[in-house]
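Here is the structure we will look at.
The values are calculated or read from the model by the stated rules, or taken from the named source; none is laboratory data. This one's a predicted model, so the numbers in the text were calculated from it and none came from an experiment. Glycine also receives a Cβ, built like all others from the backbone with ideal geometry; neighbour counts cover every protein chain displayed. Remember, those area values only see protein heavy atoms, side chains included, never the ligands or the DNA or RNA. Shrake-Rupley method; radii C 1.70, N 1.55, O 1.52, S 1.80 Å.
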Amino acid sequence: MYSPHTAADREAMLRAIGAASLNELVAQIPADLRADGFDWPTALAAPELLAHARALAAKNRPLACFAGGGARDRFVPAAVKALTQRGEFLTAYTPYQAEASQGTLQAIYEFQSSVCALYGMDAANASLYDGATALAEAVGAAARIAGRKKILLPESLHPEWRVVLATYFAAKGEPTLETVPCPTGRLEPDELARRLDETVAAVVVATPNFFGLLEDGAGIAALAHAHGALVVAVADPVSLGLLEAPGVWGADFAVGEGQGLGNALNYGGPYLGLFACKKAHVRHVPGRICGMTADADGKRGFVLTLQAREQHIRRERAASNVCSNEALCALAATIHLALLGPAGLREVAELSVDKAHRLAAKLGAVPGFRLRFAGPFFDEFALECPVPAERVRNALLKDGILAGIPLGGYDPAWKNVLLVGATEQRTDEEIDRYAAALGRLAR
Amino acid sequence: MYDEKNCRFAKSHEWAFAEGDVATVGISDYAQKEISDIVFVELPKAGAQVEQGKPCAVIESVKAAADFFAPVSGEVVAVNDAIVDNPALVNQSAHGEGWFFKIKMSKPAELEALMDFAAYQSTAAH
Amino acid sequence: MNLLEKLSIEKSVPGRRGVRFAQPAQPAAAWLPETALRKTPPRLPEMSEFDVVRHYTRLSRLNYCLDTHLYPLGSCTMKYNPRANEEIAALDGFAATHPGAPDAAAQGTLEVLWRLERMLCALTGLAAFTLQPAAGAHGEFTGILIAAAYHRSRRDRRRTEILVADSSHGTNPASAVLGGFAVKTVASRPDGRLDLDALKTALGPQTAMVMLTVPNTLGLFERQIREIADAAHAAGALLYMDGANFNALMGLAKPADFGVDILHLNLHKSFSTPHGGGGPGSGPVGVTAALEKFLPVPRVAEKNGRFTLRTKIRGSIGRMRSWAGNVGVALKAYAYLRAHDAATLRSIAENAILNANYVRAQLRDLFPPAVDEPCLHECVLRTEPEKLNGIKTLDVAKRLLDAGFYAPTIYFPLIVHEALMVEPTETESKETLDAFVAALRAIHAEALADPDRVRAAPHELPVRRLDELAAARNPNVAW
């Protein structure tokens, strides 16, 4: 289909090889192991293929998105899409040959630097699959560094991420995971203190957490460090346009879901795992890392570095099996952050906070509905409904609204809880429409 | 300097130099040449127990990683932080400033299972 | 310092903006406690939109890429990335759908995922697929967790070991260890195939799984794959196939017929989705019917033309990441497959095999193949420094950059001394391959006549050889 060969090309090439036919070459695969047929649809010509795809895309419903949970409908400037679609970035491979890959490498260095700036850290990698897998890698690294086995995970961490960690470590049996209940929606120091001892390798704390609430990062870090445990922070990078950086309040590792920086929702992927840490832990960072150096003439350049950590060298002795990154998503984030700058990122964060709070006030005023938790929140909040949240979400579809994520699927105790968020993308009209629709539902 | 002629050697290229019940350990000059430019050394912590023949430290070059196997068993009583800060010392002086750590030997007789310099030289060449 | 291109932060001018937003009705201080706010803004560049466009356009021009250069990286399958697939994946209906949307609002995406899974089943002969793994290594890890769950379900706790070939990708043993297994390496024979006798000796009641790359990393078919599968199964172990090199089998053979129990494919290799400078990829995992229940959630189900996402399945290993997978990548692979019928699918593999053998045949006198017989999708050649004034594979690779070609994979597989692993793929023309062959032959001649010129390469690129030692000794990874 995409092969350029003519019959004449093929003949000339077979002659050069000394083979009588293509079949002779294919016969390297023994005949009894070759397939005689496939159940396969007819090919679609280019115009039909596009029409087919458009018809499928039209089966998805456009909705005003008030859902979050680690995937956010954020504004992506046109320049991000235009630049990331350039063939020089799009169709390059991992920059193994540094001299022919300085564009990708410098962009990775700028990405790592931007991530460090946001999180207040010294080192970052070239990205991981998504926020959840970045957390799994950070937790594994923390356990190795601490030489201890137990990880404390607050209930206020994304429940899907907790399942990912459990999946990652179940077969090996370590590190072990212990969930800290969060009845107030936040990781309470008392609950944490009761569980901290000399077996705890790390405490994970998300702020803003899964329910959108701000945690006392500094207090939790001080408590954890007093027991010799490391602190792994989870934070939405957009929130860090406004909120104090985890590296400043005491985190040793920081991870986050970077989709909201220049990447589309895409029904869950590809997303962008952000991973950063303090300098002392740089040799425990998984995946690709780009470093600055100089060439034989002293000219500045960039290379993949600290490779002796990686699986292609260490094989079964490697601490991580990661052998790629989400390079194009990381590039989008880098360009996005360069376009926004510190002021633009702060504006996006402030707009999201403001809209989420005005929305929360309106929804909380609808009879029967209230905010589940007290305390300051960022741009998401847990809405307690008088009926199962899934019914509320389904009912509002006809108003063109994705009202949020019903949490009953994660925990039956949260059956009536809807996780609602707003971003800079939501208009006053949409907020009003949401509140009005909820009001009609309440009657 | 730990004169290599007075050191005992493991097949895996570590050396040990005993003074009383404490042995200073490192990697041989042959090994540092094979690994070439060392960029990172990870040492055990003082107080750690190490066991003869078991990996207890890591040596990295740009494109390789090698385990350091304890040449004798015992407790680590001192580590050479200088090579952590400047791993090139191992290349410059494998039997001098490039020593790795000191072990208070729990089984000094293990030294006898190691090779002397002449025997090591004849095996390392192959 | 002499610079190639300033960093974005070095081009930053205080007060510049690339994009502006409306002002909020109330500032953050109205809603958030003062103590939670950061004291200093993050040190990000301040640039105009035009500054940003020019900066990254200039950076892009420092790259070689598939669109501009042959990129013959062995085991990476750098084939043309059709632009129709990009257009399709970017359609708003797909790209703007939130992963938390109810099934009723995401029928289009769910249908694509379901259809793609069925097509991968048809291609491999396996019963079920998950599209959740984000990369090949992630797929391997998924497969290893499935194997662990399978043996656990049979209460067989003795199976603590995984066997890998010495020619395998490094991710195989690394993934096995992450899954809690010990790794034992099985040697290859001089003809590049796994040593069946050595495998049989290594197999036992402790063996959980055998991991094999087919075709292997030498570009050769494991002719005894059925015997290998039978031996593994007789010992109670599973057979895993690393499908990184599936391009050679596309439309020609179904791994289920070999006796494979679990495999991963790389949508970013065999199925034409772009590599993006290192990702995003996608590493779907396929399994036999007996192992289907262990696949990670969520899974797509179909009933009467309605599609649902199932998140609660008894026996599932859990979740390998958040949400359903790299859906944007899956969309591109689906579009690629729908552009082919059964005959053109087969021609993908045939032309890939033709191209690899064409290169091998014309270089084998100067760069001897590791195993001198016809290959499948790639050929592994060797540089002979002892005959070339000490010129090594690395030098040849760097000189190839000067000639306008990206370098092949080098020094892999580890069992081949001075390896040059060439995978041209089916989308390269005869003219391009002729030019590549001519360039390598010219480098060989130059190595004999003027080895210092080769040793100092590259000469024509934006930078000369970079000091990797300094980078590793004193890491500078952020501004």
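Brief remarks follow.
- The phi-based Karplus calculation (6.51 cos²θ - 1.76 cosθ + 1.60; θ = phi - 60°) puts the 3J(HN,Hα) values of region A:385-396 at 9, x, 10, x, 4, 4, 5, 4, 4, 5, 5, 7 Hz, whole numbers, x for Gly and Pro.
- Computed over region A:78-335, Kirkwood Rh from alpha-carbon pairs, angstrom: 18.6 Å
- Chain A packed on chain C takes about 16000 Å² of accessible surface away from a 1.4 Å probe, both sides summed.
- Amide proton proximity set for residue C:253, modelled H, under 5 Å, gap of 5+: A:35
- Using a simple spin-label model with pseudo-atoms 7 Å out from Cα toward Cβ, residue B:116 and residue C:182 lie 3.7 nm apart.
- Of the accessible area of region B:4-124, computed with a 1.4 Å probe over protein heavy atoms only, carbon and sulfur atoms account for 51 percent.
- Placed amide H near residue C:70: partners under 5 Å, 5+ positions off or other chain: C:406
- Among B:25, B:58, B:76: highest mean-square fluctuation, GNM of chain B, C-alpha pairs under 10 Å: B:58
- Amide H contacts for residue B:77 (H built 1.01 Å from N in the peptide plane; partners 5 or more residues away or on another chain; cut-off under 5 Å): B:47, B:102, B:103, B:104.
- Positive minus negative residues near residue A:307 (Lys, Arg vs Asp, Glu; Cβ under 10 Å): +1
- Using the Stokes-Einstein relation with a Kirkwood hydrodynamic radius computed over Cα pairs, the translational diffusion coefficient of chain C at 10 °C and a viscosity of 1.306 mPa s comes to 64 µm²/s.
- When A and B come together, around 800 square angstrom of accessible surface is lost from both chains combined, probe 1.4 Å.
- Surface share of carbon and sulfur [accessible, 1.4 angstrom probe, percent] for chain A: 53 percent
- Whole-percent carbon and sulfur share, accessible surface of region C:342-455, 1.4 Å: 53 percent
- Normalised by the number of residues in chain C, the mean separation of alpha-carbon contacts (under 8 Å, six or more apart) gives a relative contact order of 19 percent.
- Note on chain B: Cα-only Rg and Dmax are 13.0, 38 Å.
- Cα-based Rg and Dmax for the protein assembly as shown, where Dmax is the largest Cα-Cα distance (Å): 28.7, 95
- Relative contact order (percent, whole number), region C:288-424, Cα cutoff 8 Å, 6+ residue spacing: 16 percent
- Computed across region C:342-455, the Kirkwood hydrodynamic radius from all distinct Cα-Cα pairs reaches 14.3 Å.
- Burial of 10 Å² or greater, region B:47-62 residues [accessible area, probe 1.4 Å, versus chain by itself]: B:58, B:60, B:62
- Alpha-carbon spread of region C:85-338, three principal axes, descending order, Å: 55, 38, 31
- Residues of the protein assembly as shown: accessible area per residue with a 1.4 Å probe, Å²: 33 Å²
- Residue-count net charge about residue A:399 - beta-carbon cut-off 9 Å; Lys, Arg +1, Asp, Glu -1: +3
- In order along region A:64-81, phi translates into HN-Hα couplings of 6, 8, 10, 9, x, x, x, 10, 10, 7, 10, 5, 10, x, 4, 5, 4, 5 Hz, rounded to whole numbers, per the Karplus curve 6.51 cos²θ - 1.76 cosθ + 1.60 with θ = phi - 60° and x for Gly and Pro.
- For region B:43-54, backbone phi angles converted through the Karplus equation (6.51, -1.76, 1.60; θ = phi - 60°) give residue-by-residue couplings of 9, x, 7, 4, x, 6, 8, 10, 10, 3, x, 9 Hz, Gly and Pro being listed as x.
- Peptide A:74-84 - average C-beta neighbours from other chains (10 Å radius): 3
- Average Cα contact separation per residue, region C:85-338, under 8 Å, 6 or more apart, as relative contact order %: 29 percent
- Charge tally in the Cβ shell below 11 Å around residue B:14, where Lys, Arg are +1 and Asp, Glu are -1, residue B:14 excluded: +1
- Once the partner protein chains are put back, region C:354-386 shows a loss of at least 40 square angstrom of accessible area, versus the chain by itself, at C:354, C:358 (probe 1.4 Å, ligands and nucleic acids excluded).
- In this rough spin-label picture, where each label sits 7 Å from Cα along the Cβ direction, the residue C:25-residue A:442 distance is 1.6 nm.
- Think of it as helices only: each DSSP H run of n ≥ 4 in chain A is worth -39500 (n - 2.57), and spread over all residues that comes to -12000 deg cm²/dmol at 222 nm.
- With contributions of -39500 (n - 2.57) from each DSSP H run of at least four residues, the per-residue ellipticity at 222 nm computed over chain C stands at -10500 deg cm²/dmol.
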